[in-house]
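Derivation of every value follows stated rules applied to the coordinates shown; laboratory data play no part. Bear in mind the structure is a predicted one, so any value in this text is a computation, not a measurement. Cβ placement follows ideal geometry from the backbone for every residue including glycine, while neighbour counts extend to all protein chains displayed.
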Amino acid sequence: MSVAWLNVTGVWTIYRAEMARMRRTFWQSIATPVVTTVLYFVVFGGAIGSRIQHVGGVGYGAFIVPGLIMLTLLTQSIGNASIGIYFPIFSKTVYEILAAPLSAMETVLAYVGAAATKSVILALIILGTATFFTPLHILHPCWMVAFMLLTAISFSLFGFIIGIWAQNFEQLAIIPALVVTPLTFLGGAFYAVDMLPQPWRTVNMLNPVVYLVSGFRWSFYGVGEVGVGLSLAFTGLFMVACLAVIWWIFRTGYRMKP
């Protein structure tokens, strides 16, 4: 089945295969992040929260929920998308995908769509888990969903690029481990940026994750370190940059063709 501009059958086949991998790796894909979230609440919410009652007028336990969800979205989106495209390249089955009647847009739509879907499902599970530890009130639910989807799609695109660029499993993990996760911890996931002394407060505003966490937290509580418009603009700009790189990859055949 297809429409005038989209091979629905081809996209759905890849999408379904990628989603099936999530079911096969339940303990790694679902159970492990949920257990990690519980530990974050025990350590940060219990130990630190008993000493920091409120941050920006929000209880500390509730304050860290958007940061935890954003941490999950960033790492899982990158991981799911990068692994999804890396294995076809590693096993040389990517040539079958390139030979199939699928355009570059359809291939990206299938892999990135599956990665973003898995990340959003996991983020919603984390959100549900958080309600057992702290009362939550989402002030702008539509904006929360918008930020969640934009972040998942943007960083799934970024993960897709990493999966094509990586030449081994070490390179596949190095950017999420050494770049994304530290930036998330420094980006206000577990504290307000204005709690930092100068000049570190100003320096940290160069951290792109600050804008993602701030916008997402605003959707919950109406408070954030930067304006919500700036957060949306950064996310959109990052998505456009990733799309431009992916366009170049398919245009030149970088790491996709011998």
Between VAL55 and residues 5 or more places away or on another chain, the pairs with built amide H atoms under 5 Å apart involve TYR60
Treating only Lys and Arg (+1) and Asp and Glu (-1) as charged, each at its beta carbon, one finds that the stretch 8-252 has a dipole about its Cα centre, in Debye to the nearest 20, of 260
With the dipole of the chain defined by +1 on each Lys or Arg Cβ and -1 on each Asp or Glu Cβ, the option from SER214, ILE174, PRO88 whose Cα lies farthest towards the positive pole is PRO88
Checking rank on 85-95, 23-33, with mean other Cβ inside 10 Å and highest first, the result is 85-95, 23-33
Bounding extents of the chain in its principal axis frame from Cα atoms, largest first in Å, are 59, 38, 37
Rounded to the nearest 10, the angle in degrees between the Cα long axis of helix 141-165 and the longest principal axis of the Cα atoms of the chain comes to 50
Applying the gyration tensor rule to the Cα atoms of the stretch 131-208 (axes a ≥ b ≥ c; rounded if a/c under 1.5, else prolate if a/b exceeds b/c, else oblate), the class is oblate
Computed for the stretch 132-258: size of charge dipole around the Cα centre, +1 on C-beta of each Lys and Arg, -1 on C-beta of each Asp and Glu, debye to nearest 20, value 340
Relative to the chain, whose Cα atoms define the longest principal axis, helix 228-252 and its Cα axis are tilted in degrees, nearest 10, by 20
